[in-house]
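Report on the following structure.
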Amino acid sequence: MDRPICISVRRGSYVNLKIAKAALNRNWQIPIPHSSPNFFFSFSSLSLSLSLSLCLKEVMWRMTEPLPSKVIHVRNVGHEISENDLLQLFQPFGVITKLVMLRAKNQALLQMQDVPAAVNALQFYSNVQPSIRGRNVYVQFSSHQELTTMDQNSQARGDEPNRILLVTIHHVLYPITVDVLHQVFSPHGVVEKIVTFQKSAGFQALIQYKLPQTAISARSSLQGRNIYDGCCQLDIQFSNLDELQVNYNNERSRDFTNPNLPSEPKGKSQQGYGDAGAMYCLQGSGPRGVGFPQMGNAAAIAAAFPSGLPPGISGTNDRCTVLVSNVNPDRIDEDKLFNLFSIYGNIVRIKLLRNKPDHALVQMGDGFQAELAVHFLKGAMLFGQRLEVNYSKHQNIITGPETRDYSSSNLNRFNRNAAKNYRYCCFPTKMIHLSTLPQDVTEEEIVAHLEEHGPIVNTKLFEMNGKKQALVLFENEEQATEALMCKHATSLGGSIVRISFSQVQSI
């Protein structure tokens, strides 16, 4: 009779797990001393016994786990987690050669330079739960030994290729219009139709080619690439639609096969690829109307944008609260965040997250104002750090001792002249506009009030409708943004100064 063989397998040891698999195949009998800190296998009656180290499910999962690979599969990657977050999680273990975010599945694929680096990372995280921005992520080896373009595509969706692509654009720092998308995708074949919209995954577009082969080629060539250097990354999947319906030719949709379509809706829109879907037409102050989401300030929006919403703004978002991360906790407080975010809408509440000092929640007046803030402030530089601004999973901020309430503040800009303030919404600029200045103010006093935030290139003091105003040009957008955050609603010569970004580029 053969003597029983005992195999000890330490947690995280993939070499010994392969021996354990061999034991299972040969039906070895393996006794288990429960006092051991390791775990042992017994297959005498096709059963498993183990010590307190691991449960039965974990053992069975590890026995069916893919073989070690330099490609790591990450799950539970929420929309608030960026590529940089994942890089920081794995860079201590070696060089990362490829990273693909599968936003539609809340997953990511990450390729290390070699297998030992990936093994070291997974062995470490088998004992330490990896967490990013308060969310637990789960890591394992991918079934692929190499992350190729085809592997990336097959991970994204399991549907059959067709001629319509669903494109998600991450880290949108510059406006993405139909013309921009056509310029990117048309070199790969004849583009028939384009529709853009906003969904929970971010800014998205549907691109319809004339032929399926050209769509496949475009996806293979463009997947994971950036439209602009360092931003606007393309995540491309095949859509399950057979044909796009385009009703209007404008900055948000285009039918290149039918150039005679109107640019503005004359009735209720039937085109709804976005999250909200339910849109209706409001007549603005001009002769033309435009479709907007059903929200209380829709009349002001229609008056502000009679020719259509700004590029990249869908008007379909219904989440009011945004999560602001990567802020400098030593330089930021609630009032400064209020000064910045109130450029894009009324502020209801702001909460600094004490357990995450570089995070904050900002509740805007409605979903449209939150969309403006996310669109225009995402990626902005502030106090040496690049802001991350995303929609929060919390619809509202609950009132509490750590929450600052601004719902009744007279500094909320959109309580008066909402249409005018909507027109002023833009990305941070080098130029700021000062209003409600004292009548006897001088340019020297204005410079002295602002120069601590950076070198001032030029200033212009002028009068409009009998009121003193000024333009101040800084060297870069970050300095201008800091000046706005710190000096808006401060006193200068006995007057409370109002500051906003100016769309004028030069004095």
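The values are calculated or read from the model by the stated rules, or taken from the named source; none is laboratory data. Computed from a predicted model, the values in this text were never measured in an experiment. Side chains are part of the model used for accessible areas, which takes the heavy atoms of the whole protein and leaves out ligands, DNA and RNA. Shrake-Rupley method; radii C 1.70, N 1.55, O 1.52, S 1.80 Å.
Taking a 1.4 Å probe, which of GLU463, GLU371 shows the most accessible area, and what order do the others take after it?
Sorted descending by solvent-accessible area, the residues read GLU463, GLU371.
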- Item | Amide H contacts of LEU382 (H built 1.01 Å from N, under 5 Å, at least 5 apart or other chain) | LEU387
- Item | THR442 - accessible surface, heavy atoms, 1.4 Å probe, Å² rounded to 10 | 50 Å²
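With the other protein chains left in place, how much accessible area per residue, in square angstrom, belongs to segment 373-416 at a 1.4 angstrom probe? List each step's numbers first, then the result.
Numbers: 2270 Å² over 44 residues.
The answer is 52 Å² per residue.
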- Output ³J(HN,Hα) for segment 113-120: one whole-Hz value per residue in order, computed from phi by the Karplus curve 6.51 cos²θ - 1.76 cosθ + 1.60 with θ = phi - 60°, and x for Gly and Pro. 5, 8, 5, x, 5, 5, 4, 4
- How big is the accessible area of LEU492 in square angstrom, nearest 10, if you roll a 1.4 angstrom probe over the protein chains? 20 Å²
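Provide the gained length on full extension for the span ARG225 to ASP405, in nm with one decimal, where the gain is 0.36 nm per separating residue minus the Cα-Cα distance. Let's see the in-between values first.
Working: separation 180, 0.36 × 180 = 64.80 nm, distance 4.16 nm.
Additional length available on full extension: 60.6 nm.
Test of understanding: what is the full-extension gain from ASP242 to ASN476, defined as 0.36 nm times their sequence separation minus their Cα-Cα distance?
Numbers: separation 234, 0.36 × 234 = 84.24 nm, distance 4.65 nm.
Additional length available on full extension: 79.6 nm.
If the limit is 31 Å between Cα atoms, which of LYS98/LYS378; LYS105/LYS336; LYS393/LYS430; LYS351/LYS460; LYS378/LYS467; LYS105/LYS487 go over it? Spell out each step's value before the answer.
Details: LYS98/LYS378 24 Å; LYS105/LYS336 36 Å; LYS393/LYS430 33 Å; LYS351/LYS460 37 Å; LYS378/LYS467 34 Å; LYS105/LYS487 43 Å.
Pairs exceeding the cut-off: LYS105/LYS336; LYS393/LYS430; LYS351/LYS460; LYS378/LYS467; LYS105/LYS487.
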